[in-house]
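Inspection log for the structure reproduced underneath, given as structure tokens.
Only the coordinates and a few stated rules stand behind these numbers; no lab work does. Treat the numbers as computed from the prediction; the structure is a model and nothing was measured. In this analysis, Cβ positions are derived from the backbone assuming ideal geometry, glycine residues included, and neighbour counts consider all displayed protein chains.
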Amino acid sequence: MKEDLSLYLNTHPMDGNALAKYNFYVTQCKKLTEKYEMHYGMLTEHGSSSPNPWQWINEPWPWEYDANFELNGEGM
């Protein structure tokens, strides 16, 4: 919704209602992104609010066994 409103405001910059909605969604997006990144790590390499933005390099990569759930004996 934020991106759609941004595009709309490019052609309708005087629409106060759309601007208010855009500002609301920008604020919500920032809050939710910060909350997510504090628990799970950064979403993108730019603009991270993480206190340790490059900590991901120390974690297992998705294709490594340690990054996945341990299924010892489950489903076998």
(request) Rounded to the nearest 0.05, what FRET efficiency do Tyr65 and Lys31 give with R0 = 25 Å and r taken as the Cβ-Cβ distance? Could you check? (result) 0.10
(message) Using each residue's phi in the stretch 15-21, evaluate 6.51 cos²θ - 1.76 cosθ + 1.60 at θ = phi - 60° and report the 3J(HN,Hα) Karplus result to the nearest Hz, with x for Gly and Pro.
(response) 7, x, 5, 5, 5, 5, 5
(request) Taking the Cβ of Phe24 as the centre, find all other residues whose Cβ is under 13 Å away and add up their charges (Lys, Arg: +1; Asp, Glu: -1). (result) +4
